[in-house]
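Quick notes on the structure that follows.
The values are calculated or read from the model by the stated rules, or taken from the named source; none is laboratory data. Because the structure is predicted, anything quoted here is derived from the model rather than measured. As a convention, Cβ positions derive from the backbone with ideal geometry for all residues, glycine included, and neighbour counts pool all protein chains shown.
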Amino acid sequence: MAQVEAFTTFKKKGANSMQMRRFDVVVFTDNLMHTGLSGVKTLNKNAPLNELNSVLRETFSHGIGENSITHDREKGILVIKDARDARDLGTRDVVDDLEITAKIFFMEYPNPDNIAGLEASIEQNLEFVKDHLKVNRIDNLILAFSPAEPKEHIKISSLESTKKHHNGYDLDSFCKLWSLLRIRQQLDDFSRLGVSDFSLKMLQELKDTSAGLPDINQIKLSECEGLSESLLQFAVSNNIELLSNTDVDSFITPKSLTNATQSFDFEPLLGDMKSKSPLVLTPRVVTKYNTIIKNRSIVRSKGYIVTATAQI
């Protein structure tokens with residue numbers, strides 16, 4: 001196992017020994033175009049979930065090397081990179097020949113309480129991808145949200161008009177986040193901004209605001225055959241590119257993440273944070289990136305970056 005100094009700085013002085021302590025764990029998988037996954041059936045509707053779970057297991061079982069683990073004491077982030085991914089990620093190609101897409105999956109829709117956190121997470125994950133692939137910008141940024149209902153503790157101010165529907169989708173909160181991302185787009189952080197699985201109604205409501213429409217709307221492959229003529233016409237009229245995707249809604253769960261990392265011994269990294277209680281990993285964000293050689297549709301690199309909160 002890689003040698004790395006333990007997380008001694010995250011223990012709070014005078015803290016009760018039973019108090020929960022947390023830090024972030026960020027995992028970079030191997031480039032799937034190198035590794036391949038023989039155990040994933042691509043025709044299975046849960047194939048993307050199986051793919052992520054499988055590649056995480058492979059990283060923790062076979063990809064930990066001497067330089068795999070680093071940590072940022074000030075930010076409280078433990079970074080784990082698959083050592084096999086030190087191979088060529090496509091960064092030796094001419095950048096102008098590549099098209100880079102980052103799709104960020106969040107476990108909840110924007111709401112009045114989490115907009116700043118989501119924006120910070122998007123900024124962080126964009127930096128992760130750019131630094132990992134050694135590029136200065138992303139071509140396509142796609143946002144995907146879990147369809148789970150909003151948590152009961154979320155309170156909406158009576159002064160705010162809000163449309164909350166579509167399994168927790170809050171139009172006002174989404175628009176605030178979207179407007180912030182449009183500014184980043186104008187600053188050339190990425191070329192095109194898109195969403196995943198937005199219905200015609202959601203797009204129509206978004207058009208009625210000043211936030212602007214997406215450049216891309218990804219649609220589940222299973223639903224592409226039954227797309228309504230209204231959605232197709234709306235996309236054409238508003239310059240929205242409709243693309244298919246095979247991703248699943250519930251992209252990763254705490255249980256599946258814990259199972260995928262069970263072969264890895266975190267204990268040597270915890271220092272005086274060691275506890276009799278097991279380490280609990282709660283996924284917060286999953287970023288899926290791919291690099292395609294333009295005009296040839298050849299996938300040069302593909303991988304995942306998983307951000308989780310570790311609690312002991």
query = In the set 57, 87, which member is at pLDDT below 80 and among the basic types (Lys, Arg)?
reply = 87
request  = Give the stretch 65-83 a look and list any residue that's surrounded by 20 or more Cβ atoms within 10 Å (Cβ to Cβ) and either assigned to a loop (DSSP other than H, G, I, E, B) or modelled with pLDDT under 85 (or both), or say none.
outcome  = 68, 71, 82
inquiry  = With the condition being of a type in the set (Ser, Thr, Tyr) and at pLDDT 80 or above, I'd like the helices (runs of 4 or more DSSP H) fully within the stretch 220-312 carrying at least 2 qualifying residues.
reply    = 229-237, 254-260
task = Might you check whether a residue that is at pLDDT 70 or above, in a helix (DSSP H, G or I) and either in contact with a Phe, Trp or Tyr (Cβ under 6 Å, 6 or more places away or on another chain) or not hydroxyl-bearing (Ser, Thr, Tyr) (or both) occurs anywhere in the stretch 21-32?
result = yes
note = In the stretch 181-192, anything within 20 Å of residue 114 (Cα to Cα) and crowded, with 17+ Cβ neighbours inside 10 Å is listed as 181
inquiry  = Taking the conditions exactly as written (buried (at least 19 other Cβ atoms within 10 Å of the Cβ) and more than 17 Å from residue 288 (Cβ to Cβ)), does residue 111 satisfy them or not?
reply    = yes
